[in-house]
Amino acid sequence: MTATIRALVLHVRLPRILTAVCVGANLAVSGAIFQGVLRNPLVDSRILGVSSGAAFGAALALLTTHSPAIVQLSAFGFGLLAILVVYAIGWRFGSSILILVVTGILVSAFYNALLGLVKYVADPLDTLPAITYWLLGGISGARWESVWPLAIVTALGISFFLLMRWRVNLLTLSETEAASMGINVRKSRFVVLVVASLMVASSVAQSGIIGWIGLIVPHAARAIVGPDHARLIPASIGIGAFILLALDDISRTALPSEIPLGILAGLIGIPVFLVLFMGLLRQRGGWR
Amino acid sequence: MSLAAIDLCYAYTSDRLVLDGITLSLDEGGVTFILGGNGSGKTTLLECLCGIRSPRSGSVRLDGKEAHRLPPMQRARRVGFVPQIHEPIFTYSVYHVVLMGRSPHLGPFAKPRHSDHEAVAQALDALDLWPLRNRPYTEISGGERRLVLVARGLAQGVRYLLMDEPDAHLDPLHQNDLFSRVRELAIQGFTFAISSHSPNSALTYGDSALLLSQGRPIAYDRAAVVVAPAPLAAAYGLEFELISDESGPRAVLPMRATRTQS
């Protein structure tokens, strides 16, 4: 093995592989958590405004800088701010699921308006393309120095949910019922949603918007292993990591120049899922 | 062992008491029915007895201590609740639904151990539900679901089981199946409080009964005393006729009344 190949594998490919695995696992497991805890099959990791917040944060940073570290930090910070705002508002009104989801959608819409404003004022020759390209999603810029925050959040988040995986089942029951079994749903739900949001924010900060993984992977995992979160959570992590890694390999090699991962994920991933999983979903989707 | 409400009052909003001066003591191994019209406070009373709502005044005492002040896990190992509408959104298997009853014995990061699975198997066995264990809970019949939730209570290890209108939407045969199980468990020392819209269920299967009207107790006594025309008329605003035979009172029948404009 020549020194060049060695350097390439160690310093370019490996961090990229690690990033793909982390982003895929994060989006999938947070999607499974959001769907379960918010008791809604239509939601994904974007529902509480975290992705929109991160997108706005990144765009805002790109207005003034090209430093990936600052862009990431800003994306992560505004993503985190979204969930805190959702909870600050939600808590005042009892933090029921309905309140959280409605607040999340509104916060998300507000961030989208802010993002539009940033795009509107961005320099159309230089900054606007950078923002647009960032939003398309991709991990080609992954380097060791930018991967480690994502890797740490992922490792902690995944450990947390693997440990919590049995308890998550109880958070999918009605509040009265869970309370009668000694569980304070509102508190537990808060902790679980904040951890899942951290995972989403750190992923979006690294990879931009990769849309549907957090929606479809949990459904596919449920069709394979059933609705029990003790098995669903590990399955979502595995499937999400594998799929994003495979998609990134294709995005890297399919054409002479790279196809943005967010686009490729939609173009290839969705037809594949429609063909492979729709039948399985109808038979045993795990939802009532 | 005791679970009792003493002069219990509860309100959701500041201007209206939903429960007003309820005193009630669940005798060990007894079956107490809670009767009353729609909105009379039956469910709220059960939730207060369960310790998940804190009284506005008065108290609910579980073994002498205020129920809503007990650590939730400790409380949940003694008192179980069977909600009226239990529609999990996921198609959990019967086994998993019963296994969730073990949660008061497990920390947030724990997963069920061998002993937990044994408790589930015993609970399913006790109610002859073992053959259903792998069926999705959402696909079994209404009567079977009520029994599964009773099994969940057994797995939970409780001595008191509070059931919210378990006979709703059940045909007479399945009501009889369910309440016969309840009677069998009562003989083994389990204590039940059951809310119901059917005074005759209280008469047939209950030891004592509490009759509520707009959150106030109308009568609280042996079921055969409470389920009688006078208290029922006071609670429901409808005349009842008592049907008796040599064994005692058997049923009450509402008298047909023309709706009067009031």
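Figures for the structure shown
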item: Selected from B:Phe240, B:Phe190, B:Phe109 as most flexible by GNM, with chain B as the system and alpha-carbon contacts under 10 Å; result: B:Phe109
item: Geometric extent, Cα atoms of the protein assembly as shown - Rg, Dmax (angstrom); result: 28.5, 102
item: Intensity falloff of region B:138-262 expressed as log10 I(q)/I(0), Debye formula with alpha-carbon point scatterers, at q = 0.11, 0.16, 0.20 Å⁻¹; result: -0.44, -0.87, -1.20
item: P(r) of region A:1-52 over all Cα-Cα pairs, binned every 5 Å from zero, in whole percent; result: 4, 19, 17, 15, 10, 9, 8, 8, 6, 3, 1
item: Distance from region A:108-126 to region B:1-76 (C-alpha centre basis), Å; result: 55
item: Using alpha carbons only: equivalent-ellipsoid semi-axes of chain B, gyration tensor based, whole Å; result: 31, 23, 17
item: Relative exposure of A:His11, B:His68, B:His96, judged by other C-beta atoms within 10 Å (fewest first); result: A:His11, B:His68, B:His96
item: Residue (of B:Met255, B:Val150, B:Leu17) at the positive-pole extreme of chain B, dipole from beta-carbon charges; result: B:Leu17
item: Cα gyration tensor category, rounded, prolate or oblate, for region B:36-151 with a/c compared to 1.5; result: oblate
item: Gaussian network model of chain A, Cα within-10 Å springs - most flexible of A:Pro41, A:Pro271, A:Pro218; result: A:Pro271
item: Quarter of the Cα convex hull surface for region A:17-284, i.e. its orientation-mean projected area (nm²); result: 14.0
item: Set of lysines with alpha-carbon distance to B:Lys111 below 22 Å, sequence-local pairs under 8 removed; result: A:Lys187
item: Charged-residue dipole, Cβ positions (Lys, Arg, Asp, Glu), chain B about Cα centre, Debye nearest 20; result: 860
item: Cα-based helix-to-principal-axis angle, A:97-121 vs chain A, degrees rounded to 10; result: 20
item: Residue exposure sequence - B:Asp15, B:Asp167, A:Asp126 - by fewest surrounding Cβ within 10 Å; result: B:Asp15, A:Asp126, B:Asp167
item: Chain A, helix-only ellipticity at 222 nm - DSSP H runs n ≥ 4, -39,500 (n - 2.57), divided by all residues, nearest 500; result: -25500 deg cm²/dmol
item: Acute angle (nearest 10 degrees) that the helix B:114-126 long axis makes with the longest principal axis of chain B, alpha-carbon atoms; result: 40
item: Kirkwood-based shape ratio for region B:3-103, expressed as Rg/Rh from alpha carbons; result: 1.00
item: Cα centroid separation - region A:69-86 against region A:223-256, whole Å; result: 25
item: Inter-centroid distance (Cα atoms) of region A:144-202 relative to region B:184-224, Å; result: 42
item: Exposure proxy order (Cβ contacts within 10 Å, fewest to most) of A:Leu98, B:Leu173, A:Leu114, A:Leu62; result: B:Leu173, A:Leu98, A:Leu114, A:Leu62
item: Convex hull of Cα atoms in region B:89-152, direction-averaged projection (nm²); result: 4.4
item: Choice from A:Ala59, A:Ala230, A:Ala241 showing the highest fluctuation, given a GNM over chain A with Cα pairs closer than 10 Å; result: A:Ala230
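Read-outs throughout are calculated quantities, based only on the coordinates presented, and are distinct from any laboratory measurement. On a predicted model such as this, the values are computed, not experimentally measured, just so you know. Don't worry about glycine lacking a Cβ; one is built from the backbone with ideal geometry, like all the others, and counts go over all protein chains shown.
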